[in-house]
Amino acid sequence: MLGRVNVVTWNVNSIRQRLPRLIAMLERHDPDVVCLQETKLTDDAFPFDELRDAGYHSTSYGQRAYNGVAVASKQPIETIARGFPGDPVPDEARLLAVRTGDLMVASVYAVNGKSVGDAAYEVKLAWFDALRSWVSTLDRSIQVLLAGDFNVAPDDRDVHDPERWRGKNLASEPERDRIRALEALGLIDLGREAAGDTTGPFTFWDYRAGAFHRGWGLRIDLVLGSAPLASRLGSVEVDREERKPTAGEGKPSDHAPVILRLR
DNA sequence: ATGTCACTTTACAAGTGA
């Protein structure tokens with residue numbers, strides 16, 4: 001008998017800076033599983049003790065200063081993968097896959113790509129191709145979840161101003177093709193599934209230009225589930241309050257937590 | 001696009017990445 005399970009994914013943009021807000025988020029949403037991105041610290045500096053005190057096992061795949069992904073869970077965690085074969089930037093900590101409870105969960109932080117035409121953009125596309133190859137090796141007849149910051153707005157409903165973003169990094173067609181390639185393997189965009197044919201909900205607002213205040217958001221934090229997992233879909237919500245400077249101690253991340261509820 | 005933030009360093013300002 002499977003119980004209700006809540007999963008949160010959140011790009012915290014430095015777990016050191018965000019720790020008080022992270023602990024408050026855990027108390028607010030009481031998630032069973034949490035996927036974190038941009039922890040920006042090495043494993044030896046990860047706040048395992050603070051998370052344990054909050055009731056969570058946790059596992060980190062980190063690095064100094066940049067990137068870094070982690071998973072926390074109320075259930076014990078078995079690490080499945082740190083990174084994946086063929087990653088064009090293997091020194092960058094961008095994927096941590098685990099087994100916890102009855103789920104296989106990967107915390108994902110995709111290459112940003114900087115801008116279309118930049119060398120980093122080509123790396124981004126190659127990174128997604130390698131990710132696709134790895135996903136193709138997974139048993140997708142079990143409950144698999146890829147959760148994290150994919151740095152791609154899958155279609156025009158996922159950007160505040162489609163014309164302004166047309167062809168730009170985070171919204172370009174080659175990037176969107178990479179998301180569709182993951183969907184072609186049977187993964188389902190649960191955020192879109194839950195939202196239906198509407199705009200948003202957005203998960204990221206640039207720190208600059210007062211983007212949050214002006215509503216200049218993007219939906220780039222995704223929860224992609226295998227069919228057996230999607231069959232348990234309850235809801236997907238964005239905690240946009242958390243993006244506000246006033247929402248907690250210290251400053252907000254530029255990403256809001258995404259809460260996936262499974263039946 | 002860019003009114004910011006977080007990181008680093010032959011560091012105490014400036015470059016990088018987002």
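None of the figures in this text is laboratory data; all of them are computed from the coordinates on show. Predicted, not measured: the structure shown is a model, and the values here were computed from it. Please note: Cβ atoms are built from the backbone with ideal geometry, for glycine as well, and neighbour counts cover all protein chains shown.
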Original post:
Which value, in debye to the nearest 20, describes the size of the charge dipole of the range A:55-119 about its Cα centre when Lys and Arg Cβ atoms bear +1, Asp and Glu Cβ atoms bear -1, and nothing else is charged?
Top reply: 160
Original post:
With the dipole of chain A worked out from charges on the C-beta (+1 for Lys and Arg, -1 for Asp and Glu) around the Cα centre, which of A:117, A:151, A:165 lies farthest toward the positive end?
Top reply: A:165
Subject >> Low-density loop cleavage sites - chymotrypsin sites (Phe, Trp or Tyr not before Pro) in the range A:197-245, where at most 15 other Cβ are within 10 Å (DSSP) >> reply: A:207
**OP:** Would you work out which of A:223, A:201, A:106 lies farthest towards the positive end of the dipole of chain A, given +1 charges on the beta-carbon of Lys and Arg and -1 on that of Asp and Glu, about the Cα centre?
**Re:** A:201
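What percent does the relative contact order of chain A come to when contacts are Cα pairs within less than 8 Å and at least six residues apart?
Normalised by residue count, the contact order of chain A is 20 percent.
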**OP:** Sticking with the crude label model, points 7 Å out along Cα→Cβ, report the distance from residue A:155 to residue A:122 in nm, one decimal please.
**Re:** 3.1
Original post:
Which residues does a label at residue A:112 reach in the range A:59-82, if reach means a backbone N under 12 Å from a point 7 Å past the Cα toward the Cβ?
Top reply: A:66-67
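I'd like to know how chain A sits against the 2.2 N^0.38 Å rule of thumb: what's its Cα Rg over that expected value? Could you put the intermediate results ahead of the total?
Numbers: Rg = 16.8 Å, N = 263, 2.2 N^0.38 = 18.3 Å.
Here the answer is 0.92, to two decimals.
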Original post:
If the viscosity is 1.306 mPa s and the temperature 10 °C, what Stokes-Einstein diffusion coefficient in µm²/s follows for the range A:180-263 when Rh is the Kirkwood radius over Cα pairs?
Top reply: 115
Original post:
Per-residue HN-Hα couplings for the range A:61-77, Karplus 6.51 cos²θ - 1.76 cosθ + 1.60 at θ = phi - 60°, whole Hz, x for Gly and Pro?
Top reply: 10, x, 7, 6, 6, 10, 6, x, 10, 8, 10, 10, 8, 5, 8, x, 10
Subject >> Nonlocal amide H pairs with residue A:151, under 5 Å, H built at 1.01 Å >> reply: A:110
**OP:** Would you kindly derive the ³J(HN,Hα) couplings of the range A:125-133 from the backbone phi angles with the Karplus curve 6.51 cos²θ - 1.76 cosθ + 1.60 (θ = phi - 60°), listing them in order in whole Hz, with x for Gly and Pro?
**Re:** 5, 5, 4, 5, 5, 5, 4, 4, 4
**OP:** Show that you can apply the helix-only estimate: for chain A, add -39,500 (n - 2.57) for every DSSP H stretch of four or more residues, divide by all residues, and state [θ] at 222 nm to the nearest 500.
**Re:** -7000 deg cm²/dmol
